[in-house]
Amino acid sequence: MEYFAGLDISMEETHVCVVDREGTVVQEEKAASTPEAIAALLARAPACRRIVFETGRMAPMLYHGLAAFGLPIVCIESRQAY
């Protein structure tokens, strides 16, 4: 089964939601907004095909930090997402 994660990032916390291909939520948790904390949370989740979050002030740091952990991270511009 394929899983996907969405990150809702704020300065203090990041909400992580993992769903399957049909959109069924399989895990919801919060982590500190650091690459290390988010990667540790995702290590406990089912392996995700894609991990997505929106552009923002913390996007460059989190994108490069999570990519360094080998995670399939994608940063999107919300106004262009469909």
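Note that the chain, at 20 °C in a medium of 1.002 mPa s, gets a Stokes-Einstein diffusion coefficient of 170 µm²/s from its Kirkwood radius over C-alpha pairs.
Using the Cβ atoms and a cut-off under 15 Å, what net charge is assigned to the surroundings of Val26, where Lys and Arg are +1 and Asp and Glu are -1?
Taking every Cβ under 15 Å from that of Val26, the sum is -1.
For the chain, which span is the longest to avoid every loop-located (per DSSP) member of GluC sites (Glu not before Pro) having at most 15 other Cβ atoms inside 10 Å? The segment 23-76 is the longest one with no such site. When the Gaussian network model of the chain links Cα atoms closer than 10 Å, the mean-square fluctuations of Thr34, Thr14, Thr24 top out at Thr24. Computed per residue of the chain from DSSP H runs no shorter than four, each worth -39500 (n - 2.57), the mean residue ellipticity at 222 nm is -6500 deg cm²/dmol. If you take all other residues with their beta carbon under 10 Å from the beta carbon of Phe4, and give Lys and Arg +1 and Asp and Glu -1, the sum is +1. Grab the other residues whose beta carbon is less than 9 angstrom from that of Leu41, score K and R as +1, D and E as -1, and report the net. Every neighbour counted, the sum reads +1.
None of the figures in this text is laboratory data; all of them are computed from the coordinates on show. Computed from a predicted model, the values in this text were never measured in an experiment. Ideal geometry is used to build each Cβ from the backbone, glycine not excepted, and the neighbour counts take in all protein chains shown.
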